[in-house]
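The values are calculated or read from the model by the stated rules, or taken from the named source; none is laboratory data. Everything numeric here is computed off the predicted structure, so don't read it as measured data. Because the Cβ atoms are built from the backbone with ideal geometry, glycine has one as well, and the counts that use them run over all protein chains shown.
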Amino acid sequence: MFIAEKKEIVIPNICDDESDIEIISHSTDLISDRSFKDNIDSTSHFQFHTIYLVPCEREDRKFDNNKNIHYSLEAINKWFLGKTNNQIINYDRTNDGIIDTTFIRVNKTLNWFTQFRTKENHKQDASSKIEDIILSNFSLFHNFNKKKFIVFFDGWEKRELLFTEICGRSRYNGKVSVFYTDTKWNKSRSCGSDNLNISSNEEFGESEGTILHEMLHTLGIPPRCANNLDSESIFHVSDSSDDIMNKVSGSLYLDFNNDDYYRHNIKDCPDLSKSNYLIYSNKN
C-alpha cells in the first residue's frame, strides 16, 4: 500500500508564538488590489466589514482578491432578499461596489490559535483570540463604532467533540463573527466542503448558511423574548430544523412562522427587520 509522504510545513522566521501579537506580511502577500486596512467608507451607516485573516505560516489562498468572499456574501444577500422581499444586509463596500475586505496576517501560527486547555481557560479558544486581534486593531478601520465584523479565518477551531467540526463562532450581541475556511480533518464532512462560493452565480450553500447564522448572532438574534428558544441552547430556535437560526443552520427559513425574531408580533421584543445593519433593497 502506498502511503503519501506528509508535506513538512516550514515555519518562517518572522513567526513568533511567544512574543506580542503583530500584524505582518510576507512578500508574496503584497499583491495589487489588496487592502491592508479599511478603505474610506462610502457611507456612514451601520455596516458589516469583512476581514481575511491568515496565520503566519499558512498559505494565502487569496479569498479576498479572487472575490470568493465577495460572492459568498452576495449569495447571502440574494437569499436574504428572497426571504424578506425588500431587505438585505448592509456591507462595507468600495466605490465600485465590491465588498471591502481587509487582509490581515499575524505573526502567530495556526498552532497558537488552536492550542489551549479547555478546562482551564475558555477565553483562549481561537475565536476569542481572533476577536481580540480585531478589537485591539480598531485603528485600521473607519467608523469602528458603527461596524460589526465577519472574519474569514484561514484555519480551524479546536474541536470540542471527535465527530464535530466548529465551522463558525460569534459572541451574542457582540462585534466579531468568525467563519473557519479550513478543517483539520479532510476525511469527514467539514466547514470547507463547499468552501466559499467561487461562483458568480451566487449560490447559497452550507458555508453561506454558517456565515449568516454567525452574523445574525452578533445582532442579538434570536432575542431572549423569542417564542421558540431551544431548551438546550437559548441562542437558537427549535421550531424548525430548516430555520437559519436552528443550532445546525437550516437554509429554508428566516424565522419560521415569523414568531421569534423577524417581523414577529411579540410586544417589546427586538425585531431583526428594524436592525440598523439592514437596508432596503431596490431589487424587487
Item to check | Matching residues in segment 19-35 - criterion: being closer than 13 Å to Arg105 by Cα and either polar (S, T, N, Q) or not in a loop (DSSP other than H, G, I, E, B) (or both) | outcome: Ile23, Ile24, Ser25, Ser27, Thr28, Asp29, Ser35
Checklist entry - Do you know which residues across segment 61-98 are within 22 Å of Phe153 (Cβ to Cβ), assigned to a strand (DSSP E or B) and more than 16 Å from the chain's Cα centre (by Cα)? => result Arg93
Item to check | Among residues of segment 168-195, those that are at pLDDT below 90 and either of a type outside the set (Asp, Glu) or closer than 20 Å to Leu135 by Cα (or both), counted | outcome: 12
Next on the checklist: So in segment 270-284, with the set limited to residues that are part of a loop (DSSP other than H, G, I, E, B) and among the charged types (D, E, K, R), which one is surrounded by the fewest Cβ atoms within 10 Å (Cβ to Cβ)?
Outcome noted: Lys283
Checklist entry - Within segment 233-269, restricting attention to residues that are farther than 21 Å from Gly168 by Cα and aromatic (Phe, Trp, Tyr), which residue is surrounded by the most Cβ atoms within 10 Å (Cβ to Cβ)? => result Tyr262
Checklist entry - Could you list, in sequence order, the residues of segment 207-247 that are part of a loop (DSSP other than H, G, I, E, B), in contact with a helix residue (DSSP H, G or I) (Cβ under 9 Å, 6 or more places away or on another chain) and either touching a residue at least 40 places away in the same chain (Cβ under 8 Å) or among the β-branched types (Val, Ile, Thr) (or both)? => result Leu219, Gly220, Ile221, Pro223, Phe235, Ile244
Item to check | Enumeration of residues in segment 193-221 that are more than 19 Å from Cys167 (Cα to Cα) and touching an Asp or Glu at 6+ places or on another chain (Cβ under 9 Å) | outcome: Ser200, Glu202
Item to check | Asp33 vs. criteria among the acidic types (Asp, Glu), closer than 21 Å to Ile211 by Cβ and either touching a His at 6+ places or on another chain (Cβ under 7 Å) or surrounded by fewer than 16 Cβ atoms within 10 Å (Cβ to Cβ) (or both) | outcome: no
